[in-house]
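The values are calculated or read from the model by the stated rules, or taken from the named source; none is laboratory data. Just so it is clear, the model here is predicted, and its values are computed rather than measured. FYI the Cβ positions are ideal-geometry reconstructions off the backbone, even for glycines, and counts take in every protein chain you see.
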Amino acid sequence: MKASMYFNYTSRSLLRGGLRTLLAVFCVAVGVMAIVALQLVGSMLQNSLTSSTRDTNGGDIAVTAQSVPFKASDLSYFEQLKSEGAITNYTAVMSANGSLSPVASPGTSGPLSPVASSSQSFSVNAVDPNNYPVVSPPTFVTPSYGSVSNLLTRNQVIITQQLSTTFHHKVGDIVTVYIKTQAGSGQTLHVTIAGVVADSGVFAQSGNLMLISAHDEQAAAPSTPASYSTVYVTTANQAQTDAVVKAINQHFPLASTQTVAGALQAQQSSIDLISKFLEIAGLLALLIGGVGIVNTMQVLLSRRKTEIAMLKTTGYRRVDLYVLFGLEAGLLGMVGGIIGAAAATGVSSIVRILMQNLGLTVPFQLNPWTIAGGVAIGLVTALIFGLIPIVQAANIRPLNVIRDLSESRGASSIALTIALLVVLSVLFCALAIVILKNDVVLGIAAVYGAFAFLLVLSVFFGLVVFVVSKLPVPEHFDLRYLALILVGMAASVLLYLVLPVFGILLFAASLVGIVIVLVPRTWKVSTKMALRNIGRQRTRTTTTMLALFITASLADRR
C-alpha cells in the first residue's frame with residue numbers, strides 16, 4: 001500500500017464523516033481542554049506559592065507570638081543575637097485590624113466608637129520604616145520610585161494593590177482609619193495614602209493590607225505599650241538558621257517559628273493535594289471524551305462495511321487496516337488535542353481570575369511542555385479508545401457483507417470484546433499514571449473507580465433505553481394505558497421530592513403519553529418507529545446517553 005493511500009483515504013473518510021467527525025474531535029478537545037487547563041492552573045498555583053518563598057515568609061525565620069505578644073523588652077534578645085553574629089538582621093511587626101468606615105457600637109449613648117466592620121475591614125501592620133522588610137524590597141505600583149523608608153512618614157501609609165482595588169483608593173487620598181489591636185485597644189488615625197505596592201514578593205499573599213509607621217501608631221496611643229505579633233529574622237546560611245531556631249524556641253517557648261524550608265514543605269503538600277485533585281477531575285473528562293470516541297468511530301466504521309470488505313478482497317491485510325484506521329483515529333486525536341490545548345489556555349486564564357477574586361494572587365504563566373503534552377494526550381487517548389472499533393472493523397468478513405449477514409456474536413466475538421476492554425483499561429490506566437506523575441496506586445484507583453461508576457450508569461441508562469423502546473403508542477385510550485400514565489405521574493411526584501429535575505421530566509413524559517393518543521395517525525407511526533429504533537442499537541444508544549449525560553454534568557459544574 002502506498003503511503004499516499006494512507007493519508008488520502010484517512011482524510012477523505014474523516015471529511016465524509018461530517019458531524020460524526022466533528023463530534024469525535026469535540027470529545028477529544030473537551031477532555032484535553034479539561035486536563036490541560038487544570039494542569040496549567042496547578043502549575044500557576046505551584047509557581048505562585050513556591051516562588052520567592054523567603055520573601056513570602058518575611059525572612060529566613062518568622063517568629064510568631066500566638067498567645068502572648070512580644071513586648072519591647074523582648075526585642076533585646078534579637079538585638080543580642082544580631083550583635084553576636086548569630087543573625088544578620090531582624091524586624092518586628094505589630095499586627096492589628098483596620099476599618100475605613102466607623103460604625104457605632106450598639107447600646108452606647110456617648111460619642112460614636114468606631115468598630116471594624118467585617119465587610120470593610122483589612123489588616124494593618126505597624127513596622128519600622130527604616131528596617132522593613134528585611135528581605136527583598138517591595139515593588140511599588142505608585143509611585144514607581146517609592147520606598148518604605150521614604151513614604152512611611154508623617155501619618156502616611158502604604159497599601160497593597162488588592163486593597164486599593166477593593167476599596168477604590170489611590171495615592172493622595174486622605175482616609176480615616178480605626179485600628180484595633182489584639183489586646184482590644186483601638187485608636188482612630190487620619191492618614192494619607194502615599195504608595196501602592198504590587199501583590200508580589202513579601203506582599204504576594206497579603207491580601208488587603210495597610211502598612212503604617214510604628215512611630216505614628218504609637219503616637220496615636222502613647223499610653224498603650226507596644227506589642228509585637230511577629231519578628232522576622234534573616235541569617236547567613238541554613239546551619240545558622242537551624243541553630244537560631246533552637247535558641248529562639250528555648251528562649252520563647254510559647255512562640256512558634258517557621259523557616260523557609262518548613263514553609264516550602266507545607267506549601268508543597270498542599271500543592272500536591274490540589275494538583276492531584278485537579279488532574280483526577282481532568283482524567284474523568286478525558287475518560288468521557290474517550291467514550292465519545294468509541295461511539296463515534298463505531299458509527300463511522302460500521303457505515304463502511306462494504307468499503308472495508310472491498311479493501312480486504314483486493315489484498316489488504318488486517319495489519320494494513322489497523323494502520324489505516326489507526327491513522328484515522330490518530331488524526332482525530334491530534335486535531336482534537338490541538339483545539340483542546342488551545343482552548344485550555346483561555347480556560348486557565350479564566351480560572352486564574354476567579355482564584356484572584358478569592359484573594360489568592362496567581363501569576364499567569366503558560367508551560368509549553370504542558371500544552372504540548374495535551375496534544376500528545378489527545379493523540380494517545382484517541383488511539384486507546386479507538387482500539388475496539390478498529391479491531392472490530394478489521395475483523396469484518398467480506399462474505400457476510402456480500403450476503404448481508406450480521407457479524408457473529410458467538411463466544412469468540414464476546415471473548416475478543418472482553419479482551420479488548422481489558423487492554424483498553426490497562427492502556428488508559430498507564431496513561432493516567434503518567435499524567436498523575438507516576439503515582440501508580442492513585443492512577444489505578446482513579447481509573448478503575450471511574451470505570452465502576454460508568455458501569456453503574458451504563459446499567460441504569462440501559463434500563464432506560466429498554467423501557468423507552470417498549471413504550472406503547474396506542475390508537476385510543478384503554479384501562480391498561482391509563483393505568484400506566486397514572487403510575488408514571490405518581491412516580492414523578494415521589495421522585496420530585498428527592499430529585500426535582502427528574503421528577504419534572506418524568507411528569508412531562510407522562511403528559512406526552514396522553515398527548516400522543518390525540519395526535520394524527522401518521523405522527524403515531526413516526527413515534528412508534530423512533531421508539532423501536534432506540535432499542536435496535538441498545539448498546540450504542542446507551543453509550544451516547546452516557547457521554548451526553550456526563551458531558552452536560554461537567555459543563556454544569558463549570
From the options K470, K524, residue that is out of contact with any helix residue (DSSP H, G or I) (no Cβ under 6 Å at 6 or more places or on another chain), surrounded by fewer than 16 Cβ atoms within 10 Å (Cβ to Cβ) and touching a residue at least 24 places away in the same chain (Cβ under 8 Å): K470
A243, sole failed condition from (1) part of a helix (DSSP H, G or I); (2) under 39 Å from the mean Cα position of the chain (by Cα); (3) not polar (S, T, N, Q): (2)
Residue among V63, V25 that alone is buried (at least 18 other Cβ atoms within 10 Å of the Cβ), modelled with pLDDT of 80 or more and closer than 30 Å to W369 by Cα: V25
Every residue from the range 118-160 that is on the phi > 0 side of the Ramachandran plot and hydroxyl-bearing (S, T, Y): none
Residue match in the range 190-204 (condition: farther than 23 Å from R54 by Cα, out of contact with any Lys or Arg (no Cβ under 9 Å at 6 or more places or on another chain), without any contact (Cβ under 8 Å) to a residue 40 or more places away in the chain and in the same structural domain as T224 (by TED's automatic domain parsing)): yes
Matching residues in the range 207-235 - criterion: being part of a loop (DSSP other than H, G, I, E, B) and either of a type in the set (A, V, I, L, M, F, W, C) or under 21 Å from Q258 (Cα atoms) (or both): G207, A221, A226, S229, T235
Unmet requirement for V441, which otherwise passes all of (1) under 29 Å from R304 (Cβ atoms); (2) modelled with pLDDT of 85 or more: (1)
Residue within the range 265-274 that is outside any helix (DSSP H, G or I) and of a type in the set (V, I, T) present: no
Selected residue (only one of A226, A236, A247, A243 is touching a helix residue (DSSP H, G or I) at 6+ places or on another chain (Cβ under 6 Å) and not polar (S, T, N, Q)): A226
Meets criteria (under 27 Å from the mean Cα position of the chain (by Cα) and within 22 Å of V93 (Cβ to Cβ)) for L254: no
Which numbered condition V423 misses (of (1) at pLDDT below 85; (2) over 30 Å from G513 (Cβ atoms); (3) within 37 Å of the chain's Cα centre (by Cα)): (1)
Flag if V202 is touching a Phe, Trp or Tyr at 6+ places or on another chain (Cβ under 6 Å) and crowded, with 22+ Cβ neighbours inside 10 Å: no
Test set (1) in a helix (DSSP H, G or I); (2) touching a residue at least 24 places away in the same chain (Cβ under 8 Å) - Q258 fails condition number: (1)
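So which of I293, I248 ends up being of a type in the set (V, I, T), buried (at least 17 other Cβ atoms within 10 Å of the Cβ) and not assigned by TED's automatic domain parsing to the domain that holds C27? Even if it seems obvious, please write down each step before you answer.
On the way: I293 fails: not assigned by TED's automatic domain parsing to the domain that holds C27.
The match here is I248.
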Subset tally (residues that are assigned to a loop (DSSP other than H, G, I, E, B) and surrounded by 14 or more Cβ atoms within 10 Å (Cβ to Cβ)) for the range 432-446: 2
Residue, farthest from A219 (Cα to Cα), within the range 182-202, restricted to residues that are aliphatic (A, V, I, L, M) and in a loop (DSSP other than H, G, I, E, B): A198
